[in-house]
Amino acid sequence: MIGFSDKRRRMVREQIEAREVRDLFVLKAMEKVPRHLFVPEAMLDRAYEDSPLPIGHKQTISQPYTVAFMTEALELTGKEKVLEIGAGSGYQAAILAELAGEIYTIERIPELAEQAEKILKQLGYKNIRIKVGDGSLGWAEQSPFQAIIVTAGAPAIPKPLLEQLDDPGLLVIPVGDRSSQNMIRVRKKNQKVTEESLGPFRFVELIGEHGHQKND
Ligand code: SAM
């Protein structure tokens, strides 16, 4: 039987490097963080599959490739203060914590935030803070952030996130309708804001004041 670390190595090689994620630090983090600890027990043997997986409450842990792709797009150098919207299982936060200085992550579903916090603590991460709330409003008291990552699909770029992005800073966010989105990277530099499209993706919805409405 092959062990979890072998499965992880294979995941990095076949799903991530093969799709041209090249940042060695990102690849190393993906090889290190035990993804299987972030999925429900019933999903344990599927933890390293090339797909998102359900984590309860109609939410998902993103596909490994998507996590690697978005992380690489943030161009982290080790010192950044990063804001994540949509903590979910906590897996993406752990990857970010390997690559940046401080991670602030927001989750709207209290049970998911609680479970994420538990596992991140067990793994010994001391540079991650998680709170329950509407992440489309950002985390003003902790701003500015040199990097912001939104791991749920938004109808448009939430204004508070743009305001809380440092100069220079990078924001990566899937934007589109409820069924498909385009990954957008926003770069703030010398008081100028530019947008770049990084390709199509599919995410669960960002629900909140600057996201989708809950019931329409
Ligand atoms: N990054 C997560 C991980 O590593 O497991 C996966 C995130 S999942 C695709 C999207 C998450 O965004 C869900 O857990 C959902 O509850 C959360 N979410 C949706 N709207 C939100 C909002 N306005 N604020 C905070 N979290 C939100």
Matching residues, the stretch 191-214, being more than 6 Å from the ligand (Cβ to nearest atom) and assigned to a loop (DSSP other than H, G, I, E, B)
191, 202, 209, 210, 213, 214
The number of residues in the stretch 150-174 that are closer than 28 Å to residue 34 by Cα and within 11 Å of the ligand (Cβ to nearest atom) is 5
Residue list for the stretch 71-86, filter: more than 20 Å from residue 24 (Cα to Cα) and either over 11 Å from the mean Cα position of the chain (by Cα) or without any contact (Cβ under 8 Å) to a residue 60 or more places away in the chain (or both):
81
When the residues of the stretch 90-149 are filtered to those that are of a type in the set (S, T, N, Q) and away from the ligand (no atom under 14 Å from the Cβ), which remaining residue is farthest from residue 207 (Cα to Cα)?
122
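We did not get these values from a lab; they are worked out from the coordinates using the rules stated. These numbers come from a predicted model, not from an experiment. Counting neighbours? That spans all protein chains shown, and the Cβs are built from the backbone with ideal geometry, glycine included.
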